[in-house]
1. Specify which of the listed residues (Pro83, Pro67) is surrounded by fewer than 19 Cβ atoms within 10 Å (Cβ to Cβ) and more than 16 Å from the ligand (Cβ to nearest atom).
2. Taking segment 88-112, which residues are part of a loop (DSSP other than H, G, I, E, B) and surrounded by fewer than 20 Cβ atoms within 10 Å (Cβ to Cβ)?
3. Do any helices (runs of 4 or more DSSP H) entirely within segment 114-232 hold 3 or more residues that are modelled with pLDDT of 90 or more, and if so, which?
4. Looking at (1) under 27 Å from Ser387 (Cα atoms); (2) out of contact with any helix residue (DSSP H, G or I) (no Cβ under 6 Å at 6 or more places or on another chain); (3) not assigned by TED's automatic domain parsing to the domain that holds Arg211; (4) not acidic (Asp, Glu), can you tell me which one Ile253 breaks?
5. Of all residues being more than 8 Å from the ligand (Cβ to nearest atom) and over 26 Å from Asn40 (Cβ atoms) in segment 113-124, which is surrounded by the most Cβ atoms within 10 Å (Cβ to Cβ)? Just the residue, please.
6. Looking at His59, His33, can you tell me which residue is part of a helix (DSSP H, G or I), outside the structural domain of Ile146 (by TED's automatic domain parsing) and at pLDDT 95 or above?
7. For the subset of segment 285-316 comprising residues that are closer than 19 Å to Thr378 by Cβ and of a type outside the set (Ser, Thr, Tyr), which member is surrounded by the most Cβ atoms within 10 Å (Cβ to Cβ)?
8. Can you name the condition, by its number, that Phe95 falls short on among (1) near the ligand (Cβ under 9 Å from one of its atoms); (2) more than 20 Å from Leu380 (Cα to Cα); (3) among the aromatic types (Phe, Trp, Tyr)?
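The values are calculated or read from the model by the stated rules, or taken from the named source; none is laboratory data. Keep in mind that what you see is a predicted model, and the values were worked out from it rather than measured. In this analysis, Cβ positions are derived from the backbone assuming ideal geometry, glycine residues included, and neighbour counts consider all displayed protein chains.
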Amino acid sequence: MAKKKSATYTSVKKRLQINMEKGADDNLSDFTHYLQCHTNGVSLCFEKPAQKYLSNRIHTLNLAEEPDFQYFLPIKWDVPFPPVTNPKFTFIDLFAGIGGFRLAFQKLKGKCVFTSEWDKNAQKTYEANFGEVPFGDITAINEKQIPKHEILLGGFPCQPFSLAGVSKKNSLGRDHGFADKTQGTLFYDIVRILKERRPKAFLLENVKNLRSHDKGQTFKIIIEALKELNYLVFDQIIDARHYVPQHRERIFIAGFNKEYFSESLVFTFPKPDEKEMKVKDILENTPDPKYTLSNHLWKYLQDYAKKHQEKGNGFGFGLADLNKVTRTLSARYHKDGSEILIPQGKGENPRRLSPEECRALMGYPDDFIIRNIGVSDTQLYRQFGNSVAVPVVSAIARQMISFIDKNCKSEPKESKPVSKSAVAFNVLD
Ligand SMILES: C[S@@+](CC[C@H](N)C(=O)[O-])C[C@H]1O[C@@H](n2cnc3c(N)ncnc32)[C@H](O)[C@@H]1O
């Protein structure tokens, strides 16, 4: 292939026969991260494995060109959410799902320099929209391989902390802190990255019950571990109902590195307008009849609800009031859709939401691709149910960036010695 001035991402994928439906090959994450970061020092982080990937593809496909990136660069990004030009800050997207955090921070001119998500189907959706394949299991990634960044983002799964490891250390007479107590959990992966890379700020998200989980023990350990890492830590439960027509309470934890921010500063989370949204505003005019419940399922749900009502329990299906917000969309919505059912005309059974409606219910833009990428409805429901309400994260992101712009000291008060590799990744042009 002759050197092109500007190959599109789609044409590069076609040429190298990259097909996410077959699953991501080894080093494809490095390759796409390299393409996204090639104009800055961060690309050094991915260069070698990306080169290996390219050489392998060219060799396997018996292509005529040299395995040289210059044949492909610069890429013309024909994806809905391409990397920003002239970024204002850098961030990493952990437990990325389908990129709800990324959408919000990228819109504010942030450059994503690393992403991790191990679910193959979520990776497909992510790649179709951002042109980047997330790395897999975060527990297997050395924190030193993660590029230096300014903001760490992550909606981590909630797990209890076992004190077993800590007691063993106690008996050995070793000191331990709160961070140690989190070892073996996915929160610990956030801790070790914060410890190594010392970003200016972070934003974490979780279910509301994180506060009460394990009698409040889990939350206490998380907050103390973050404070121990020398961050100012703020948390708030936010209901998405003022941003999207869905009752969805999530806890957000924002942190600011004390090496850059004075101890006395207070971060405030956004205060939404009190106006409530209506689910009817996001419904399709002509929904596919396949989303209408079968007689069998509708009867089952009614019988189930009746049984529990008789026992005095509140369990049951949630027939939406179209002028109000819905219940929370969960990752198990694909099972029967019972938590959010849409009433239909007289004599018709209710229906579940389509994946397109779930996209709108989570505040994702209409041009966020979900079709013809080899991801089933079941997986799409799961992905949206696991995700964040994007307008909520956007509001927090705006608040955080303005807080950083206003209060951040340019140089850390006491700089931690920075490893050689970190210096290489601290460049953005
Ligand atoms: C609550 S969801 C976060 C969704 C995300 N915030 C979004 O906007 O779509 C947590 C995600 O972490 C991923 N995950 C869990 N364990 C992981 C691991 N060890 N490595 C990478 N990703 C992991 C799950 O597959 C899931 O998509």
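1. On the way: Pro83 fails: surrounded by fewer than 19 Cβ atoms within 10 Å (Cβ to Cβ).
Only one candidate qualifies: Pro67.
2. The initial filter retains those residues of segment 88-112 that are part of a loop (DSSP other than H, G, I, E, B), namely 88, 95-99, 108-109.
Residues satisfying the conditions are Lys88, Leu108, Lys109.
3. Working: elements: 120-130, 164-171, 178-181, 186-197, 217-228.
Per the criteria, 120-130, 186-197, 217-228.
4. Answer for Ile253: the failing condition is (3).
5. Filtering segment 113-124 down to residues more than 8 Å from the ligand (Cβ to nearest atom) leaves 113-115, 120-121, 123-124.
Those left that are additionally over 26 Å from Asn40 (Cβ atoms): 120-121, 124.
Working: Lys120: 14, Asn121: 19, Lys124: 23.
Among residues in segment 113-124 that are more than 8 Å from the ligand (Cβ to nearest atom) and over 26 Å from Asn40 (Cβ atoms), the one surrounded by the most Cβ atoms within 10 Å (Cβ to Cβ) is Lys124.
6. On the way: His59 fails: at pLDDT 95 or above.
On inspection, the qualifying residue turns out to be His33.
7. That would be Leu293.
8. (2)
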